[in-house]
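The values are calculated or read from the model by the stated rules, or taken from the named source; none is laboratory data. Remember, it's a predicted structure, so these values are computed and weren't measured experimentally. Counting neighbours? That spans all protein chains shown, and the Cβs are built from the backbone with ideal geometry, glycine included. The area values use the complete protein model at the heavy-atom level, side chains included, leaving out ligands, DNA and RNA. Shrake-Rupley method; radii C 1.70, N 1.55, O 1.52, S 1.80 Å.
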Amino acid sequence: MAQVSELLRVGSGVDLASIDPASTPGLPEGKQVRRDPKGWARAELAQLGTRLAQRQEMLYACAKKDRTEARRVLLVLQAMDCGGKDGTVRRVAGTMNPQGLHIVGFGPPTPKELQHDFLWRVRHALPEAGYVGIFNRSHYEDVLVARVRDLVPPKTWRARYDKINAFEQELVGSGCALVKVMLHISYAEQRRRLLERLRDPTKFWKYNPEDVDNRAYWDAYQRAYGDAIARCGTGHAPWYVVPADRKWYRDWAVAHLVLDALNGLELTYPPPDFDPETEIKRLEGDGSG
């Protein structure tokens, strides 16, 4: 698990063009994996899900029992259109208890949100202690789409890198384990997925003609992603680039990253504030059995 995190972690010298979106870093060797990698990954995801659910329950239980508990997890998902954010949320978050999840999807800022600093709406969407939060898009949109589509002057979006770093340092310092993931797909795979949506009436609702328009900005977005990762990948809040052309690998890898973050919190179930044996005797002696 730690090996997967290390393989996917990127630094200031990241070159997205050198990362194959169809690659599978950390995938084990073996006949079963080679014979049916998709089937193997789905079976592994089920096992990972059991471990994720247990640790999520520990996290939730600790906050439930102790009001001073501050630990929580935030998974930030960024990707190009059709990059698989929704699918990742469905597959990975679906293994955990919805009661302990806080999932937020960020669209274009509302008029009210535009009246505030770009981090205002993000702060209001943070998970509470004991929760696993997931951001489907995030504050990074303000140095990605805002930059590529000239929504703000260069001076404005350039100043945001330092603000993001300060915000994330504050977040981690408050007890939040931050997992920032770019789902990295290829230009060809995006085209295939867009065509798939157009050929399936049950997926028409997912299609937006602007997605095709945005393909003209592909290279600009890749540069913007590269700069965001390089400028905001820090020791306390690193970036992970997950090759995402293969959906089964994407889900397996992200599940590992979230589990790694939960393990890093060194969670245990909270001890009881009562004597279990005494309570057992009270119940066994109440005459109702």
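Here are a few things to note about the model shown:
- Neighbours by Cβ (under 8 Å, 6+ apart or cross-chain): first from segment 181-195, closer than 19 Å to Val241 by Cβ and among the aromatic types (Phe, Trp, Tyr); second modelled with pLDDT of 95 or more and open to solvent by less than 10 Å² (accessible area, probe 1.4 Å): none
- Condition check for Pro109 on (1) surrounded by 12 or more Cβ atoms within 10 Å (Cβ to Cβ); (2) not in a loop (DSSP other than H, G, I, E, B): one failure, at (2).
- In segment 146-203, the residue that is least open to solvent (accessible area, probe 1.4 Å) out of those that are more than 25 Å from Asp251 (Cβ to Cβ), hydroxyl-bearing (Ser, Thr, Tyr) and part of a helix (DSSP H, G or I) is Tyr161.
- Pairs with Cβ under 6 Å, 6+ apart, first in segment 34-59 and without any contact (Cβ under 8 Å) to a residue 40 or more places away in the chain, second in a helix (DSSP H, G or I): Trp40/Gln32; Trp40/Val33
- Close pairs from segment 200-228: first on the phi < 0 side of the Ramachandran plot, partner among the small types (Gly, Ala, Ser) and loosely packed, with under 15 Cβ neighbours inside 10 Å, Cβ under 8 Å, at least 6 apart: Gln222/Ala17
- Sole exception among (1) part of a helix (DSSP H, G or I); (2) open to solvent by 40 Å² or more (accessible area, probe 1.4 Å); (3) β-branched (Val, Ile, Thr) for Val89, by number: (2)
- Test: residue in segment 252-259 that is part of a helix (DSSP H, G or I), among the small types (Gly, Ala, Ser) and surrounded by 14 or more Cβ atoms within 10 Å (Cβ to Cβ): yes
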